[in-house]
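In what follows, a structure is listed as structure tokens, so that the remarks can point back to it.
The values are calculated or read from the model by the stated rules, or taken from the named source; none is laboratory data. All figures in this text were calculated on a predicted structure; none of them were measured in a lab. Cβ placement follows ideal geometry from the backbone for every residue including glycine, while neighbour counts extend to all protein chains displayed.
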Amino acid sequence: MSLQSPNEKQENQKSNKFTDFANKTKSKWGTLSKNQKITTSVVAAVVVIIAGAVIYQGISGNSITSVVSGSNLDVEVNSAEVIIPYDNDDSSTYVAYNITLENKGNKTINFADIQLIGDDGESIASEYIYDTSEKFTVLNVLSSGIRKGKKRTGYLVYKVDPDKSKDYSLEVEYYAQDDNYENETQETSVSLEKVDVTDNRDKIIKLVESYVNQVFLASKSTTISSSSAVAFNPTTDQPQVTTLAKKSDKKSDELTLGNDIDKDKNSYIERFETKVSALFDYYTPSESELDSFVNQYMEANAKRAQISVKVKELYPTTAKVTVSSKVIDISNIDTYDLVRSYLEEATGKSYSSDEAIMQDAEKYIFDGLPNYFGTTSLTTNTSEDDISLALEDDKWSVDSSDSEKNYGYDSLQRSMAGDFFY
């Protein structure tokens, strides 16, 4: 049984495309003559009521603190965000509540459970979450208490029903233990104001669309704004998602991209140009000629490519996104047409050597390939490449680092060139 990742499987499938294309072209020339060559018990309860907790688009950093005179436990809700855990099913909605529990008494507090209670009395247990990036962890207060004067802050995750999420309450079941290890029952009910939930699912998609547009589809001579979507096509099997955010067209609500776009674009173009140049044995295209070739390919892809983005994992500060793409497949260009055209044009010409014939023929092939970008077929298989994002200094950045572990981005570069290089 194969344990290869999807990206590794794709890599094996596409690794020989460049070589196959080159060999195919060369074999055609080989048939010509010299002049024709191209993430436990219940004894007391502290009920923290999230009053009228209509889940709407929240303000990042919104903090609501429950403080009751005489209470030995303070509960503070720092933020709440929709997340997408690893191996999540598309029909479920998970919310991560960032809370702070502070022991204001003089005895250790232990917790039996912390649940969400719906307006219909249904209790919702917290979820254990596995984050493949290992950057997100849930608050574990059940296995260890909080000593006097101490506090714990972290995330608790619950699977909620977005259609019934207007009146949730947070129920904390705990007991205080004296020096004789006897439990003292405490009950404290603390009402809270409305807690807003941030939902960045759609925004992450738009951010990645913008990145792909600017890096892989906007040539050096094309201007594409950060909010534009050029070649993106919604897939018919996309699940219907109930968003927990207010609809807003305010540009200030958009996420900010932190990448150096020019640097990432140049990295892609340089890789592409190196492989295009290596296709030929006798003709060496100039830098300007290579720029023109790749620019024409990017511009044609912006019009023809079929690209969609899906959020695979989403946490408060990290995300993993799958970019699915079908782009112009250079290796599908029928070079026989170019061969025939060249032969017609070269008839009667005189060459000083066989090398001169091959240089002229390969230049003809190089110059002619862009003419087929508008009509040649797209890649047969849809590439699915997983890329990672991280939030730092209020900006989300795609991991575009040149690292062996960052194979998802490396594969995305190849996919956006029609698997032409490896």
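Below is a table of values for the structure above.
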quantity	calculated
Gly368 under 30 Å from Tyr283 (Cβ atoms), surrounded by fewer than 19 Cβ atoms within 10 Å (Cβ to Cβ), in contact with a Leu (Cβ under 8 Å, 6 or more places away or on another chain) and modelled with pLDDT of 90 or more	yes
Scope the range 158-182; condition modelled with pLDDT under 70 and in a strand (DSSP E or B); matching residues	Gln177
Meets criteria (modelled with pLDDT of 90 or more, within 20 Å of Val276 (Cβ to Cβ) and out of contact with any Asp or Glu (no Cβ under 7 Å at 6 or more places or on another chain)) for Asn381	no
Complete set of residues in the range 276-308 that are surrounded by 22 or more Cβ atoms within 10 Å (Cβ to Cβ) and within 19 Å of Ser400 (Cβ to Cβ)	Met298, Asn301, Ile307
Number of the condition not met by Glu362 [criteria: (1) of a type in the set (Asp, Glu); (2) over 30 Å from Phe136 (Cβ atoms); (3) modelled with pLDDT of 95 or more]	(3)
